[in-house]
Structures are given as structure tokens and as C-alpha cells.
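Each reported figure results from applying straightforward, stated rules to the coordinates on display, with no laboratory input. Just so we're clear, the structure is a prediction, and the values are computed from it rather than from any experiment. Here Cβ is always computed from backbone atoms with ideal geometry, including for glycine, and neighbour counts include all displayed protein chains.
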């Protein structure tokens, strides 16, 4: 999944303020752009983008939750159902990145936020080998689930996942965790802790704790 090194990027034209200057809220800034250098600089700083106004693609919010969701790599809860499903599906890496993003971006999905601008930006990031996808296929080779995110060093920012068949997104997560463990990666970010992610072993930690774990992971 992570066999190829990412392409070097030019310095970003935007500068994110130090965390000591962030407001005491999940939303720490607005504006800037979705250029590759901007995105990678944001993740390195502990920030990720998400629209604040779904009718205006240019209204980009930059977020760093006060309680950050992470999934400890040794804490993934694998149920008997997930193991059975893993035997039914086949996982590939980085073969259908845009299709995975579009699967995560379906219009009627509760909490959906992925706009065309975000798809274009992350496809470019994928072409530059910074963004990655896991595809889950059934026996007929049909895409039934997957996930995507951004890797920097020993850090992976999980952006979103989807499923069209039972446990398919969970199987994608199992695959990602195995890949990260095999490469001695150490931090899997899931942004906010949801009840669903909590059932899989995710936990929330204070922002300051997250930033302390992030710094050595992204500089590896």
C-alpha cells in the first residue's frame, strides 16, 4: 500500500499559526486553498480541511478537534463477523482511489461533506503519492467498500470510508491496520470519535496529547 515514496512538494504559500494561537474550539481557521502543499502542511500541523458551508466550495474550514479521535493500532476490535467477511472479500491498494472517494461522497449519506473540489484536490494528492486508498472487492470483482486517507511518515490520517456490503468498510480498516503495523507506523487519526468508531476500538484524546504524538510520527 505504501511502497512508493511521495513526490516532493514546494513550500506552501499559506502559513498555519502555531497551536498556542488556536482558538479553544474544533474550528481553528478558515480560508486558504486545497493545494497539495497546503494540505500536507495542515496535516503536519494537526489540522485537516472540511467545508463550513456546503453551498460554497471556497469556504474551507480547518479543524483540529479539542478531543481527537485515534485508533490505536493494537486496539482494533476484530469480531467473528469481521473475520468471516475478510475471507469473503479481496482488498487492493491505490487501484480505484477516485471511485473510493466518490463512494464516500454519495449525496444522501448522513454527514456527507466531500465536494467536487475536495475530490479533485485529493485525487491530485493521490497522483503525488501522498493520499492512499484501500478497495474492498467481492468475488465478482465489484467494489463494495473502501477507505482513503493521507500518509506522512509513520502517520495516517483516515479521511472517510464506505460500504455497500456487510462489513466491507471494516475489512478495509483491518487491511489498513495490518499495513501500518507491518511498516512500524504509529498513529492512525480518525478525526472525531463516533459511536461506530468506538465499537472498533477508537478512542479520543486531548488535542495537546494528539499533537505530541503527531510530531514524531510525521517527522519519521
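Numbers at a glance
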{"item": "Computed lengthening from residue 178 to residue 116, 0.36 nm per intervening residue step minus Cα-Cα distance", "result": "19.3 nm"}
{"item": "Most to least packed among 164-173, 88-97 [average Cβ atoms within 10 Å]", "result": "164-173, 88-97"}
{"item": "Estimated translational D of the range 69-218 in µm²/s (Stokes, Kirkwood radius over Cα pairs; 10 °C; 1.306 mPa s)", "result": "102"}
{"item": "The range 129-150 versus the range 86-102: alpha-carbon centroid distance in Å", "result": "2"}
{"item": "Sites residue 196 and residue 21, calculated FRET efficiency, Cβ-Cβ separation with R0 41 Å, nearest 0.05", "result": "0.80"}
